[in-house]
Amino acid sequence: GRRGGWHYKDPHGATHGPFQAEQLLNWFEENVFSVSLQVSSDGAQSFQSLGDAVPRLRRIVAQGSEPRGQSARGGGRGGGQPRATPINSAADQLQRERQAQRLAQDKARLDANLARQAAAQAQAQEAQAAAESTAAELER
């Protein structure tokens with residue numbers, strides 16, 4: 001059976017692990033895994049959502065009370081990343097697409113703001129030129 005560390009169940013029902021709490025937390029924070037991913041710890045037969053497990057993962061990482069084994073911090077690159085499973089590849093791709101979409105939306109907003117500022121500046125310059133012209137005519 002599964003003993004020690006954390007395991008997750010992919011969408012096809014296959015269980016992967018063990019992984020350190022710190023590694024699961026990193027993947028969660030990097031949006032590799034969603035809150036609905038099913039995880040279990042220390043060989044527990046029952047799974048819970050990663051979202052529900054996050055507070056416990058954070059406590060474990062903060063206390064540094066993980067058993068020795070596949071450490072995300074440890075020397076070498078032994079158990080750092082999970083095998084390239086479809087869920088990880090798809091999650092990475094989705095994350096990149098969402099980031100590209102957000103960047104495109106941010107650029108469009110900035111471009112629109114610049115255009116508005118340029119139009120307002122041109123309008124202000126026209127108004128100032130008209131005011132100066134009127135002032136010059138009044139002085140005559």
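The numbers here are math on the coordinates, done by the rules we state, and not lab data. Note that the structure is a prediction, hence the values are computed from the model and not measured. When we count neighbours, we look across all protein chains shown, and the Cβ atoms used for this are built from the backbone with ideal geometry, even at glycine.
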Net length gained if the chain between Asp10 and Arg98 were fully extended (0.36 nm per residue, minus Cα distance): 29.5 nm
If r is the Cβ-Cβ distance from Glu30 to Arg109 and R0 is 30 Å, what FRET efficiency results, to the nearest 0.05? 0.75
Quick one: which residues, 5 or more positions from Leu37 or on another chain, have an amide H under 5 Å from its amide H? H modelled 1.01 Å from N in the peptide plane, none for Pro or chain starts. Leu50, Gly51
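Rounded if a/c is under 1.5, else prolate if a/b is larger than b/c, else oblate: which is the stretch 89-139, with a ≥ b ≥ c the root eigenvalues of its Cα gyration tensor?
prolate
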For the stretch 1-65, what class follows from the C-alpha gyration tensor (a ≥ b ≥ c being the square roots of its eigenvalues): rounded when a/c is under 1.5, otherwise prolate if a/b is larger than b/c, else oblate? oblate
Phi-based couplings in Hz for the stretch 126-140 (Karplus 6.51, -1.76, 1.60; Gly and Pro marked x): 5, 5, 5, 4, 5, 5, 5, 5, 5, 5, 5, 5, 5, 6, 6
